[in-house]
1. Regarding LEU102, is this residue among the aliphatic types (A, V, I, L, M) and within 13 Å of the ligand (Cβ to nearest atom)?
2. Pairs please, first residue from the stretch 98-116 and under 15 Å from CYS73 (Cα atoms), second anywhere and in a helix (DSSP H, G or I) and within 13 Å of the ligand (Cβ to nearest atom), Cβ atoms under 7 Å, 6+ apart in sequence or on different chains.
3. Would you be able to say whether some residue in the stretch 87-106 is of a type in the set (S, T, N, Q), surrounded by 11 or more Cβ atoms within 10 Å (Cβ to Cβ) and touching a helix residue (DSSP H, G or I) at 6+ places or on another chain (Cβ under 6 Å)?
4. Count, please, the residues in the stretch 1-21 that happen to be more than 13 Å from the ligand (Cβ to nearest atom) and either surrounded by fewer than 15 Cβ atoms within 10 Å (Cβ to Cβ) or modelled with pLDDT of 95 or more (or both).
5. Within the stretch 3-50, how many residues turn out to be touching a Leu at 6+ places or on another chain (Cβ under 9 Å) and among the small types (Gly, Ala, Ser)?
6. Considering only residues that are without any contact (Cβ under 8 Å) to a residue 24 or more places away in the chain and of a type outside the set (Asp, Glu), which ones fall in the stretch 125-145?
7. Where residues in the stretch 25-54 are in contact (Cβ under 8 Å) with a residue 40 or more places away in the chain and under 17 Å from the mean Cα position of the chain (by Cα), which of them is nearest to the ligand (Cβ to nearest atom)?
8. Considering only the stretch 1-108, give the strands (runs of 3 or more DSSP E) lying wholly within it that have at least 3 residues that are over 24 Å from GLY175 (Cα atoms) and not β-branched (Val, Ile, Thr).
Amino acid sequence: MNDPDITLWGAGTSRTIRPIWIAEELGLSYTLKPIGPRTGETQTESYTQINPKQKIPALEDGELLLSESVAICCYLVNRYGSSATIAPPASVEEQAKLDEWLSFIYGELDETSLYVLRRHEALASIYGEAPGAIEAARAYFRKQVAVADKHLRDNQFLVNNKFGVSDVFLTTCLGWAVSCGIDLTGNLESYQKRMTDRSAYQAAKAQNTK
Ligand SMILES: N[C@@H](CCC(=O)N[C@@H](CS)C(=O)NCC(=O)O)C(=O)O
């Protein structure tokens, strides 16, 4: 395999840290272009060629252009992962459980709860004030995250008791929730601490704040 020629676009958010964290876990060398949202940097003609959605994160790997934090993280593991770092799913069943957790975390926690809070709190000048939606999103997050809490009472990680992409997504959502003033249960708090104590997370956090 040729040496990877990876560029990751985007820094500063709970979504941009995800591919950076995976790249650090995999020990990949990559170039980070730490552009931010709503700075105008995602609106340029050259960036629009990379991601027509004008959003971050995005990845370039040789000829491949990819957007969507879920797709980028799964691609990096499937392409560059190994049993020494993060292994690609070993069976159809393991892939299915990964898909289940990722769909749940991205759909229910990220977009339906946390991004609703973001749109109507920090970004209310763009998306409008919506106090009812904010309260409902907080309550919805708490109800949904209880499923992960219960699972983690008997498991160290989400899928097959080994660290993987779904742990990156849950951890970044938990950190995002805390920054929105949502308290975590003791169980989720200790999971969050174990995940963020990982050296790859610490390295990614430093990159993501560039
Ligand atoms: N579904 C996308 C969401 C990407 C997204 O919304 N990114 C935000 C930053 S976290 C962004 O680029 N916002 C800029 C904008 O909406 O103009 C993903 O998971 O990668």
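The values are calculated or read from the model by the stated rules, or taken from the named source; none is laboratory data. Remember, it's a predicted structure, so these values are computed and weren't measured experimentally. Here the Cβ is made from the backbone with ideal geometry for all residues, glycine too, and neighbour counts use every protein chain on show.
1. Yes; evaluated as a whole, the condition is true for this residue.
2. Final answer for the pair search is LEU98/VAL165; LEU102/VAL70; LEU102/VAL165; LEU102/PHE169; ILE105/PHE169; ILE105/CYS173; TYR106/VAL70; TYR106/PHE169.
3. Restricting attention to the stretch 87-106, the residues satisfying the condition of being of a type in the set (S, T, N, Q) are 91, 95, 103.
So of that shortlist, the ones also surrounded by 11 or more Cβ atoms within 10 Å (Cβ to Cβ) come out as 95, 103.
Add one more test, that the residue is touching a helix residue (DSSP H, G or I) at 6+ places or on another chain (Cβ under 6 Å), and what stays is none.
The answer is no, given that none of the residues of the stretch 87-106 is of a type in the set (S, T, N, Q), surrounded by 11 or more Cβ atoms within 10 Å (Cβ to Cβ) and touching a helix residue (DSSP H, G or I) at 6+ places or on another chain (Cβ under 6 Å).
4. Final tally of qualifying residues: 7.
5. Qualifying residue count, the stretch 3-50: 4.
6. Matches in the stretch 125-145: SER125, ILE126, TYR127, GLY128, ALA130, PRO131, GLY132, ALA133, ILE134, ALA136, ALA139, LYS143.
7. Of everything passing the filter in the stretch 25-54, PRO34 is nearest to the ligand (Cβ to nearest atom).
8. 64-67
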